[in-house]
Amino acid sequence: MDKRINSHCIRIYFNDNEYALLSEQEIVLGITKQQLVRRVLIEKARPTIINARELLSIFDQIGEKIAVCNELMYKYFSKDGAVHASSSGERNEESFAALLEDYLSVQKSLEQAIRLLLFKIKT
C-alpha cells in the first residue's frame, strides 16, 4: 500500500461564516475539508491564474493591430493615399462604410472583452 506523504503544510484561518460554508460543502460533496480546499486551490484555480507578462504581450499585439487599422483608415481619407482610389480614381464610399462599420464593431467587441477580463482580474 503506497501512501502519499504530504510534507508541506499551509495554515489558513476562516471566520465563522466561511467555516460554516466549508462544512456545508463538505457534507454536500461527501469529501473532507482538506480535499475540498485542495481541489479548489489546485484544480479549479489553475485555469484562472493569469500570467501578467503574457497578458501585457497580448494587449501590446492588439494595440499594434488597431494602430495598423487606424493607419489604413487615415490613408483612405488622406488626399495622397493610395488606398481610397479605385481603378477609375473614385472613392468607393459604400465598401469603405461597410469596412469601417466592421472595424468599429470588432473594436467595440474587443473593448468589451478587455473590460470583462479586467473586471474578472479585479475580483
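Roughly how many nanometres apart are two label points built 7 Å out from the Cα toward the Cβ at L36 and S57?
Inter-label distance under the simple model: 3.9 nm.
Using label points projected 7 Å from each Cα along Cα→Cβ, tell me how many nm separate I12 and D102, to one decimal.
4.8 nm
We did not get these values from a lab; they are worked out from the coordinates using the rules stated. On a predicted model such as this, the values are computed, not experimentally measured, just so you know. Note that each Cβ is placed from the backbone with ideal geometry, even for glycine, and that neighbours are counted across all protein chains shown.
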